[in-house]
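Some notes on the structure that comes next.
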Amino acid sequence: MRRYAPERVAPGIEKPQLLIVVANERKGRTPMTMDMKDMVKAMASMPEDQRKTMMRQRLEMFAGMPDAERTSAMRQMMEAAGTLPETDVRKLVKTRTEILCELPDQRRMTLMQTHMGLLKQMPPERAQMDMRIVQAITPELKPEHQRQVMEMMKMMPMPAMAGAGAPAGPARAARIPEPVKRRPWWRFW
């Protein structure tokens, strides 16, 4: 295995990330480049504290990007996460949700609006899975984060329920149609 001088490896790279750097170099990539799928897969397999550190860095970086770049980068990350098993997606969604709760309001809203916009462009099953996972992990969060998640969900449109022309904003409860009164079959005249 090849060792890197400290200047060749970015500050903050821990052992699991260093292994990815070495694996990428063997695939012919430069030590600091990493395919988004590899990065997301590696993030899902990291211990929680390392995953949280790396995800926070990514989300902070996304929040500081111009809209088009942020949308492109987040789309790549969401598509890469979509290739993982649901248990790994759950880990990533839980970590993302915890970090979003800790971010300042403006950054949180910027990231959430981009995320929800991308979910609307994806198949409804993907959006439903994302919302289902968020609802499932909410009880596992700290009480203050649970309240924030509930507030965030009220403010954002439900992409799985909204159609292409649905207005932005909280999802409205669908009206249940009243049953149609029919004549008995024997009263045909």
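Readers should treat all values here as calculations from the given coordinates under stated rules, not as data from a laboratory. Computed from a predicted structure; not experimentally measured. As a convention, Cβ positions derive from the backbone with ideal geometry for all residues, glycine included, and neighbour counts pool all protein chains shown.
Observations
- FRET efficiency, 1/(1 + (r/R0)^6) with R0 25 Å, evaluated for LYS41 and ASP67 via beta carbons: 0.40
- For the pair ARG147 and GLN76, label points projected 7 Å from Cα toward Cβ lie 3.9 nm apart.
- Relative contact order [Cα under 8 Å, 6+ residues apart], the stretch 48-155, whole percent: 32 percent
- Residue order, fewest to most beta carbons within 10 Å, for MET153, MET55: MET153, MET55
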